[in-house]
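K.L.:
There's a structure below that I have some questions on.
The values are calculated or read from the model by the stated rules, or taken from the named source; none is laboratory data. Note that the structure is a prediction, hence the values are computed from the model and not measured. Counting neighbours? That spans all protein chains shown, and the Cβs are built from the backbone with ideal geometry, glycine included.
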Amino acid sequence: MRKLLLVGLSVGLLVVCSGCLSLSRSEREDLRVIREAGFSRTEAGVKSPLLAALLNLLPGIGNFYLSAGTDEGEMVFVGVMNLLTWPVSILWGVPEAAIDANNINKRETVYHFMRTERGREQIRDALEGRKKWEKRE
């Protein structure tokens, strides 16, 4: 019985850890451009990493918080998996929620600066201002 529990927890850990959000190559490149323009990588802070981590002390609640109001529907699945593997899920759920919140903020920043007219204007103006400043030196 004990071996079966360990195997189940190991599989749960593998499934939940594979749920961490990552950024695509184009999103990472867009973040580089945003940073070069002088903006923060997480300019659009829609989710609090600290709050997500603290909420994940309760089984999966932090993941449900991350899915609310975003396009990150897989966070519901990760939250359910954290709930099913609680209390052990606290070990990976707390840092995972903080990391995922940061990545959601980065995605929202990319969306704002690269997909909205106002954001593209801000990037264009910042880069043009930097070029003018460099010519003065």
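K.L.:
Which residues, taken from the range 74-97, are aromatic (F, W, Y), modelled with pLDDT under 85 and in a helix (DSSP H, G or I)?
P.N.:
Of everything in the range 74-97, just one residue is aromatic (F, W, Y), modelled with pLDDT under 85 and in a helix (DSSP H, G or I), namely F77.
K.L.:
Taking the options R35, R107, name whichever one is at pLDDT 80 or above, touching an Asp or Glu at 6+ places or on another chain (Cβ under 7 Å) and closer than 30 Å to Q122 by Cβ.
P.N.:
Going through R35, R107 in turn, just one is at pLDDT 80 or above, touching an Asp or Glu at 6+ places or on another chain (Cβ under 7 Å) and closer than 30 Å to Q122 by Cβ: R107.
K.L.:
From the list G79, G60, G73, which residue is under 14 Å from the mean Cα position of the chain (by Cα) and either exposed (fewer than 15 other Cβ atoms within 10 Å of the Cβ) or free of Cβ contacts under 8 Å to residues at least 60 places away in the same chain (or both)?
P.N.:
Being under 14 Å from the mean Cα position of the chain (by Cα) and either exposed (fewer than 15 other Cβ atoms within 10 Å of the Cβ) or free of Cβ contacts under 8 Å to residues at least 60 places away in the same chain (or both) holds for just one of G79, G60, G73, which is G73.
K.L.:
Does S24 meet the test of being at pLDDT below 85, surrounded by fewer than 14 Cβ atoms within 10 Å (Cβ to Cβ) and within 18 Å of H112 (Cα to Cα)?
P.N.:
Judged against the criteria, S24 is not a match.
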